[in-house]
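Structure, as structure tokens:
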Amino acid sequence: MTDRIREIAVLAGDGIGPEVMRQGLRVLQAVTEKYGYAFNLSSALIGGAAIAKTGSPLPPETLELCDGADAVLLGAVGLPEYDQDPNITVRPEQGLLGLRKALQLYLNIRPVTIFPSMVEQSVLKPQVLNDVDFVIYRELSSGIYFGEKHEASETSPNASDLCAYTSEEIHRVVTRAFAAAESRRGQLCLVDKANVLATSRLWRQVTMRLAADHPAVTVDYMYVDNAAMQLVLNPRQFDVIVTSNMFGDILSDLASAIVGSIGLLPSASIGTGTALFEPVHGSYPQAAGKDIANPLAMILSVAMMLEHLGLSDAAADVREAVRRCTDKGIGTSDMHPEHECGCSKMGELIAHMVADEDFRLNVGKKGAISDTII
Ligand code: IPM
Ligand code: MG
């Protein structure tokens, strides 16, 4: 264990972002008290909140802060007023996409596990769901999201989005996915559309080449349309799914329906620059300010951050606290509509559990959170 202070950039963002972030930070505070790890939290603007104050969804000072940090925690970006007008050119999402690109976060890791207490809540049948445990490795800084765009105009009613990949961009993601498969159940599934798309055929070539170097891993190749169906019919068949930016975005929302709520899925984005941790869910503006948002995806993203920072003991405690809470049937209304447990109550419960002496796996010195924003 080291005593150094870790710099965390906190970007709460829009909609429910600030309230789920508050609960994530509460759990982080419990970790500092228990283990003596010290975090220096500094907040910055992103998304719609940043546009409102500065005109830009990713102000330079936000990027600078993230660049110099040990990790970035992000709530959510997006506001409905921007969705209703297709002619708007500055959008909250550009903040997040710009940050991913600037930090060269080329890989987004989205673990999908079902809590036993959620089996009955999912729209799928229990026999399909028991023990679902897979992870989506989504390419994050290239593909159709970042290819050249041509916007339609009154004089030219055509639009296009280029989907381009280099073999290096694919290689670095698939290499990580093979390593993950080796440390898990040894199964990798490349999801693509190689019967139609040239970029998908390149994904296959690169993956086939890497497969030869990883004999312990069984590799499957699945078209994305079939993968969407297979995820619903038999999600247990998957261990590690590796896929492009767009397909990963779509399939991870589908995966959230398997586990019962999108409010449960955390993610880690890693690459060349500072790693970023954020829930898979969006800003859910209709719920903002009502204390009904599910903070578990944010809290589990904090656990992924702790793991990344090498603080595995604390990460394990946070995950265990979430598991115990959900085992008791405690959850926000998206999880258990018959019970009323608000966002802040959930955060309080998990933080208490993490801080509990009986829960202690390791003993640390007193830590501190300074410059706390919330
Ligand atoms: C996600 C989100 C983002 C994406 C949006 C907010 C730009 O849906 O992280 O899954 O499409 O990547
Ligand atoms: Mg998405």
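The values are calculated or read from the model by the stated rules, or taken from the named source; none is laboratory data. Note that the coordinates shown come from a computational prediction; the quantities given were computed from them, not determined experimentally. Cβ coordinates were reconstructed from backbone atoms using ideal geometry, including for glycine residues, and neighbour counts include every protein chain displayed. Each accessible area value is taken on the protein alone, full model and side chains, heavy atoms only, with ligands, DNA and RNA left out. Shrake-Rupley method; radii C 1.70, N 1.55, O 1.52, S 1.80 Å.
Brief remarks follow.
- Checking each residue in region 138-163 for being surrounded by fewer than 14 Cβ atoms within 10 Å (Cβ to Cβ) and assigned to a loop (DSSP other than H, G, I, E, B) picks out E148, E151, A152, S153, E154, T155, S156, P157, N158, A159, L162.
- Screening the candidates V135, V128, V196, V174 for the property of being of a type outside the set (G, A, S), touching a Lys or Arg at 6+ places or on another chain (Cβ under 8 Å) and not in a strand (DSSP E or B) yields one hit, V128.
- Subset of region 24-56 that is open to solvent by 10 Å² or more (accessible area, probe 1.4 Å), assigned to a helix (DSSP H, G or I) and of a type outside the set (A, V, I, L, M, F, W, C) - its residue that is farthest from G273 (Cα to Cα): E33
- Of all residues in region 327-348 being surrounded by fewer than 19 Cβ atoms within 10 Å (Cβ to Cβ) and part of a helix (DSSP H, G or I), the one that is modelled with the lowest pLDDT: D327
- Against the list (1) within 16 Å of ligand 2 (Cβ to nearest atom); (2) touching a strand residue (DSSP E or B) at 6+ places or on another chain (Cβ under 6 Å); (3) over 17 Å from M353 (Cα atoms), the condition P285 fails is (2).
- Taken over region 250-286, the criterion of being closer than 20 Å to R323 by Cα and part of a strand (DSSP E or B) is satisfied by P266, S267, A268, F277, E278, P279.
- Test for D225: is it acidic (D, E) and away from ligand 2 (no atom under 15 Å from the Cβ): yes
- When region 221-246 is filtered for residues that are touching a residue at least 60 places away in the same chain (Cβ under 8 Å), surrounded by 19 or more Cβ atoms within 10 Å (Cβ to Cβ) and assigned to a helix (DSSP H, G or I), the ones remaining, listed by number, are P235, N245.
- Flag for I258 being touching a Pro at 6+ places or on another chain (Cβ under 8 Å) and either within 25 Å of G147 (Cα to Cα) or among the aliphatic types (A, V, I, L, M) (or both): yes
- Of the criteria (1) over 19 Å from the mean Cα position of the chain (by Cα); (2) closer than 30 Å to A257 by Cα; (3) of a type outside the set (D, E, K, R), which one T62 fails: (2)
- Here A321, A275, A316 are screened, and the one residue that is touching a Phe, Trp or Tyr at 6+ places or on another chain (Cβ under 8 Å) and either in contact (Cβ under 8 Å) with a residue 40 or more places away in the chain or under 20 Å from G342 (Cα atoms) (or both) is A321.
- L96 being within 16 Å of ligand 2 (Cβ to nearest atom), under 30 Å from E348 (Cβ atoms), out of contact with any Phe, Trp or Tyr (no Cβ under 7 Å at 6 or more places or on another chain) and of a type in the set (A, V, I, L, M, F, W, C): yes
- Residue match in region 290-298 (condition: of a type in the set (A, V, I, L, M), more than 16 Å from ligand 1 (Cβ to nearest atom), open to solvent by 20 Å² or more (accessible area, probe 1.4 Å) and part of a loop (DSSP other than H, G, I, E, B)): yes
Residues checked against (1) in contact with a Ser or Thr (Cβ under 9 Å, 6 or more places away or on another chain); (2) under 29 Å from C66 (Cβ atoms):
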| residue | (1), (2) |
| --- | --- |
| V232 | no, no |
| R236 | no, no |
| V240 | no, yes |
| S244 | yes, yes |
| G248 | no, yes |
| S256 | no, yes |
| G271 | yes, yes |
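- Looking only at residues in region 107-121 that are open to solvent by 10 Å² or more (accessible area, probe 1.4 Å) and over 13 Å from the mean Cα position of the chain (by Cα), the one that is nearest to E278 (Cα to Cα) is T113.
- A count restricted to region 111-142 and to residues that are in contact with a helix residue (DSSP H, G or I) (Cβ under 9 Å, 6 or more places away or on another chain) and farther than 28 Å from E307 by Cα stands at 5.
- Taken together, the residues in region 95-106 that are closer than 13 Å to V173 by Cβ and open to solvent by 50 Å² or more (accessible area, probe 1.4 Å) amount to 1.
- The set of residues in region 247-289 that are open to solvent by 20 Å² or more (accessible area, probe 1.4 Å), touching an Asp or Glu at 6+ places or on another chain (Cβ under 9 Å) and more than 14 Å from ligand 1 (Cβ to nearest atom) comprises G260, G273, A288, G289.
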